[in-house]
Amino acid sequence: MMLMIILKQSEDNKMIIYKDFEFDMAHRLDEYNGLCKNIHGHIYKLTIGLNVSKLDKLGISIDFKMIREVVNENIIKYVDHSLWLKDSKNNEKLIKLLKKEKNRLLLTPYNSTAENMALTIWHILHKKIPMYTVTLFETPTSRVTVNHANYEAAKKSIVDFEFSGEE
């Protein structure tokens, strides 16, 4: 897993801290008409942007170790080397088999698109740290960024993922 930290000043005089993570994960898109209907994997890059405004006496706005621990404990430990599926009738037999074999599995009531994944990550993390953005790269050239407004517009349909398998 790679970590990268960037600090910049925002327009409203708050600072935005960015921290990058990488993980390997597989998924498939239920009812999709194309190659992504097949199980396939990506090396995902996740960038978490945090909105901070004050520095302590040491010049620290938020402890980077704490950010790493929160993201690792709530996201990375579940998504890394897992398969994310829509909990649907089409996937019912596959899900049953994977659970029986104790495979690492994430289930949501919606497809595991980059957009839905980023919204789900926001949904989980915004309760724990001062979120500004979540950017998820599915490939080096394809990414989605979610912010507070995007999440507010979609939050009624976004849920925590259900995890099964060995941690």
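Assigning unit charges at the beta carbon (Lys, Arg +1; Asp, Glu -1) and nothing else, what dipole magnitude in debye, to the nearest 20, does the stretch 40-82 show about its Cα centre? Numbers along the way, then the final one.
On the way: 6 positive and 5 negative charges, 25 e Å.
Using Cβ point charges on Lys, Arg, Asp and Glu, the stretch 40-82 gives about 120 debye.
Assuming 0.36 nm per residue, please report the length gained on full extension of the stretch LYS14 to ASP87 beyond their Cα-Cα distance.
Details: separation 73, 0.36 × 73 = 26.28 nm, distance 3.98 nm.
That works out to 22.3 nm of additional length.
Of VAL79, ASN103, ILE67, which is farthest on the positive side of the dipole of the stretch 37-109, counting Cα position, with +1 on Lys and Arg Cβ, -1 on Asp and Glu Cβ, and the Cα centre as origin?
In the stretch 37-109, that residue is ASN103.
Can you tell me the dipole magnitude for the stretch 4-164 around its Cα centre, using point charges on the Cβ only (Lys, Arg +1; Asp, Glu -1), in Debye to the nearest 20?
Here the size comes out at about 300 debye.
From the phi of every residue in the stretch 107-113, what ³J(HN,Hα) in whole Hz does the Karplus formula 6.51 cos²θ - 1.76 cosθ + 1.60 yield, where θ is phi - 60° and glycine or proline is x?
10, 9, x, 9, 4, 8, 6
In the stretch 15-37, whose amide N lies under 20 Å from the spot 7 Å out along Cα-to-Cβ of ASP56? List them in ranges.
15-19, by backbone N distance to the label point.
With unit charges on the beta carbons (Lys and Arg positive, Asp and Glu negative) and the dipole taken about the Cα centre of the stretch 4-164, which residue among MET15, ASN90, THR133 sits farthest to the positive side?
ASN90
How far, in nm, would the chain grow between ASP24 and ALA153 when pulled straight, counting 0.36 nm per residue and subtracting the alpha carbon separation? Can you show the working numbers first?
On the way: separation 129, 0.36 × 129 = 46.44 nm, distance 2.85 nm.
This chain segment gains 43.6 nm when fully extended.
Would you please give the residues with an amide H less than 5 Å from that of SER61, counting only those at least 5 places away or on a separate chain, with H modeled from the backbone geometry?
Placed amide hydrogens put ASP56 under 5 Å from SER61.
Determine the shape class of the stretch 4-164: with a ≥ b ≥ c the square roots of the Cα gyration tensor eigenvalues, call it rounded for a/c under 1.5, and otherwise prolate if a/b is greater than b/c, oblate otherwise. Intermediate values should be presented prior to the final figure.
On the way: a/c = 2.27, a/b = 2.01, b/c = 1.13.
Prolate, because a/c is 1.5 or more and a/b exceeds b/c.
For the pair LYS127 and ASN33, what calculated FRET efficiency results from E = 1/(1 + (r/R0)^6), where r is the Cβ-Cβ distance and R0 = 41 Å, to the nearest 0.05? Write down the numbers at each step before the final one.
Values: r = 36 Å, r/R0 = 0.88.
Efficiency, rounded to the nearest 0.05: 0.70.
Counting other Cβ atoms within 10 Å of each Cβ, which GluC sites (Glu not before Pro) in the stretch 65-121 have at most 16 and sit in a DSSP loop?
Here the GluC sites (Glu not before Pro) that fit, given the DSSP loop and packing criteria, are GLU101.
Would you kindly state how much longer the chain becomes between ILE43 and PHE163 on full extension, computed as 0.36 nm times their sequence separation minus their alpha carbon distance, in nm to one decimal? Can you show the working numbers first?
Values: separation 120, 0.36 × 120 = 43.20 nm, distance 1.95 nm.
Value of the extension gain: 41.3 nm.
Work from the charge dipole of the chain (Cβ charges, +1 for Lys and Arg, -1 for Asp and Glu, about the Cα centre) and give the residue of LEU46, GLY165, VAL146 farthest towards its positive end.
In the chain, that residue is GLY165.
Restricting to DSSP H runs of at least four residues, report the calculated mean residue ellipticity at 222 nm for the chain, -39500 (n - 2.57) per run over all residues, nearest 500 deg cm²/dmol. Kindly include the intermediate steps, with their values, before the conclusion.
Details: 4 runs with 36 residues, N = 167.
-6000 deg cm²/dmol, from helical runs alone.
Only the coordinates and a few stated rules stand behind these numbers; no lab work does. What you see is a predicted model, and the numbers here were worked out from it, not measured in a lab. Because the Cβ atoms are built from the backbone with ideal geometry, glycine has one as well, and the counts that use them run over all protein chains shown.
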